[in-house]
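The values are calculated or read from the model by the stated rules, or taken from the named source; none is laboratory data. Owing to the predicted nature of the structure, the values given are computational and were not obtained by experimental measurement. Cβ placement follows ideal geometry from the backbone for every residue including glycine, while neighbour counts extend to all protein chains displayed.
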Amino acid sequence: GLDDFIKDLEERGRFESDFKDPNQDLEEDKKIVMTSWTKLGGTVHELQNNAGEDITRWYGIEVGGELGKSRVIKIDWPSKSLHGSIPPKLANLKCLSRLDLSNNK
C-alpha cells in the first residue's frame, strides 16, 4: 500500500530529495555562506551589499542552476581582510565550483 511505497522511497533516499521544497537547498546555501563569512570576520552588512535576503546580489556570490533549483556556484572574496581558517561548512556547498579567498589573512 501507500505506507510501503513511502517506506521504500525513504529507504532509497528519494523521498526527501524528490518532494522537498526546491528552494530549500538555496536557503541552506545562504546559511552556510552567511556563517562562513562572519566566521572569517566579515560583517553581515558588507556581505549583503544592501540586498537584504537576496543572495543573488550578495557580495562575491554567484548563484546558478535551473529556476527553482538554484545553488551557490561561486564565491569570490579576495582582498577583504578576512582571517582565520577556511570554514569546513563550505564543503557542504554541493555546487560550488570556485572559491577565491586570495589576499586575505
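Just a few scattered comments:
- Scope the range 79-95; condition over 17 Å from Q24 (Cα atoms) and either in contact with a His (Cβ under 8 Å, 6 or more places away or on another chain) or in a loop (DSSP other than H, G, I, E, B) (or both); matching residues: S79, K80, S81, L82, H83, G84, S85, I86, P87
- Residues of the range 28-53 classified as surrounded by 13 or more Cβ atoms within 10 Å (Cβ to Cβ) and in a loop (DSSP other than H, G, I, E, B), total: 5
- The range 61-78 - residue that is of a type outside the set (A, V, I, L, M, F, W, C) and farther than 19 Å from D25 by Cα and, of those, surrounded by the fewest Cβ atoms within 10 Å (Cβ to Cβ): P78
- Total residues in the range 54-65, condition in a helix (DSSP H, G or I) and among the hydroxyl-bearing types (S, T, Y): 1
- Residues located in the range 36-54, provided they are in contact with a helix residue (DSSP H, G or I) (Cβ under 6 Å, 6 or more places away or on another chain) and at pLDDT 95 or above: S36, W37, L47
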